[in-house]
1. Look through T136, T186 and report the one residue that is polar (S, T, N, Q) and open to solvent by 30 Å² or more (accessible area, probe 1.4 Å).
2. If you go through the range 3-37, how many residues are touching a residue at least 40 places away in the same chain (Cβ under 8 Å), under 21 Å from I238 (Cβ atoms), open to solvent by 60 Å² or more (accessible area, probe 1.4 Å) and not in a helix (DSSP H, G or I)?
3. Looking only at the range 377-398, how many residues end up being closer than 20 Å to I259 by Cβ and open to solvent by 30 Å² or more (accessible area, probe 1.4 Å)?
4. Can you tell me which residue is most open to solvent (accessible area, probe 1.4 Å) among those in the range 272-296 that are farther than 23 Å from K343 by Cα and in contact (Cβ under 8 Å) with a residue 12 or more places away in the chain?
5. Within the range 90-125, take every residue that is at pLDDT below 85 and of a type in the set (A, V, I, L, M) and give me the one that is farthest from I155 (Cα to Cα).
6. Which residues, counting only those in the range 1-38, are within 29 Å of the chain's Cα centre (by Cα) and polar (S, T, N, Q)?
7. Just checking, does the range 408-424 include any residue being surrounded by fewer than 18 Cβ atoms within 10 Å (Cβ to Cβ) and either under 18 Å from K254 (Cβ atoms) or free of Cβ contacts under 8 Å to residues at least 40 places away in the same chain (or both)?
8. What strands (runs of 3 or more DSSP E), lying completely within the range 39-140, carry at least 2 residues that are over 24 Å from the mean Cα position of the chain (by Cα) and not polar (S, T, N, Q)?
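The values are calculated or read from the model by the stated rules, or taken from the named source; none is laboratory data. Model, not experiment: these values are computed from the prediction. As a convention, Cβ positions derive from the backbone with ideal geometry for all residues, glycine included, and neighbour counts pool all protein chains shown. For the accessible areas, the whole protein counts, side chains as well, though only heavy atoms, and no ligand, DNA or RNA atoms are used. Shrake-Rupley method; radii C 1.70, N 1.55, O 1.52, S 1.80 Å.
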Amino acid sequence: MDTKRLRQRVLDLAIHGKLVPQNPQDEPASELLKRIAEEKERLVKEGKIKKSKKKDNEDIEEVPFEVPQGWVWCRLEDICTIKGGKRIPVGYTFSDSITNHIYIRVSDMKRGTICLDDLHYISDEVYEKIKQYYITKDDIYMTIVGATIGKCGLIPNELDHQNLSENAARIIPHILQKEYLLHCLTANFCQEQFIGKLHHVGVQKMALSRFVTTLIPLPPLAEQHRIVSEVEKYFSLIDILEESENDLQQSIQKAKSKILDLAIKGKLVEKTGEWEEKKLGDICNYGKCITVNVEDIAPDSWVLELEDIEKDTARIQNRISRQEREIKGTRHSFKKGDVLYSKLRTYLNKVLVAKEDGFCTTEIIPIKPNECITAEYLCHVMRSKYFVDYTVQCGYGVKMPRLSTTDAKKAIIPLPPLAEQNQIVTKIEELFTQLDNIAEALK
């Protein structure tokens, strides 16, 4: 079931005024707009926000669709204040210790909120330089750079007044029901507007001056509350559908783990010869990486980051070129056929065989196997529970555990003859395909 499409259908009905009935007794949105304008004028006089560059009484010449009586069309800048985040100083490395200052990155922005399990911290010195670029629990964030442009969400209470990446914007609603605004910005209607406002030269980016002109269908404040309540009701039902799918995915993942376990124990296909046990460092070039400066990477080259790889499945979720990413520093070079292994938080199981040449974060180790082992077989071994358990035991660092090169090279790899490795890989892929087909059929 396409639950994403279901959510968009609910949002589409909501912003067209078709999700809840209108109440003639509600204060019309035109009056709400007047109160918002007065509020913004007061904040300008107090020096808390800057005056909008928009001309007074600048009408919207053509509305995208008709809205119910009592609603009005407006621009985002009419009802909000928009502020940008701030880049940390060039060359700065995030603090290894937990400080009082969190730096919210785009990669932390997931599922309509900020994920708290991989936060990065900045020192007091850096904080003093960028402390005015913060976001509060009453705001909405939105990404404005790269492949994730338009991703919106709410700020958890724990991150109130924390620093915001320059790749996101801070949306400060005035008087509005902020959840209604979030739903509106998340709807395809607004998302399509964002795409039309992008700079398409080099890295995709949405200038705040364009962002603020986004058209918003605004209902009366009382109706905003009713809409949010109804949307949450529908979304709760959709969550139940998604949970059922998640249970299925977990069962399939357990089955795949069992298949890998049988494979590396020699129980998946008939044995064709004697098996050996070899250290990983003796059968590949683990740790001998080619490091390249970002500025030396061709603009159209593939640059793989950890966030592009789905955990457990290791599927590539985003294929992004260097010109589409704002990155600095160095990356590892890899070739088609290399095993790409994430040494960071190895329990996420991000291991795959590269299908083309590219460059990757230095948290990923490109591995070229020796003649005694195939890349596909090695990849399956490194994704098995046996290998993951070893790496978790050896990992160092509490917040962001990593596998050291020394410990990785000591890992014992069960090694069947090459012909049997190929048979094992073929059988694994056959069984995995059957499981994936079952999951797809039950959606």
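1. Selected residue: T186, the only one of T136, T186 that is polar (S, T, N, Q) and open to solvent by 30 Å² or more (accessible area, probe 1.4 Å).
2. 0
3. Number of matching residues: 5.
4. Going through the qualifying residues, I end up with E274.
5. Here the residue is V90.
6. Listed by number, the residues that qualify are T3, Q8.
7. no
8. Per the criteria, 72-75.
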